[in-house]
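Please read the structure below before turning to the comments.
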């Protein structure tokens, strides 16, 4: 799951690219989750045909109008290509794992960290690609990937900061996560380091 979180974090910065596979895949997945959630929440209220029709409508609304709306207010290498967006992705992953997926505090923090790490790797590689080492020149895209926030889109930047700040209050206690880490991996030295390096006479 940590590897999956890192991989997802690695493709998230490109969801603002309208014709990208990550964008279509993400909104298709969101539509599927929303459709299934609506279906199971209304099992007792509608017939089978009504449930399936409603689920199809929910999926289409998320996959098409919501997808279009998202791309109408975002630009590629905008606010989602920033360090604050990477932090937001990690924080949201941690909160979702803790609040809704039944993960422990340690698992939630690790999932958030891996999500953020994957995101940062994507931004870093984008920035490195902006430098043409063979021709010793810098492309016009240099500086657009690895930036703290997008000053040219202040409303969007403020929204990302606001979401990150609000979500921060729902994070699992880091003291609990640290205790779980100590209990599970406190003796990692015995597996990796020769005893004479850390033992005392």
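Below are the figures for this structure:
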| item | result |
| --- | --- |
| Order of 24, 63 - criterion: other Cβ atoms within 10 Å of each residue's Cβ, fewest first | 24, 63 |
| Distance between modelled label sites at residue 4 and residue 184, nm, 7 Å Cα→Cβ extension | 1.6 |
| Relative exposure of 79, 15, judged by other C-beta atoms within 10 Å (fewest first) | 15, 79 |
| Modelled FRET efficiency - R0 45 Å, residue 124 with residue 49, Cβ distances, 0.05 increments | 0.35 |
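Laboratory data are not the source of any read-out in this text; all were calculated from the coordinates shown. Everything numeric in this text was worked out from a predicted model, so none of it was measured. Every residue, glycine among them, receives a Cβ derived from its backbone with ideal geometry; neighbour counts consider all protein chains shown.
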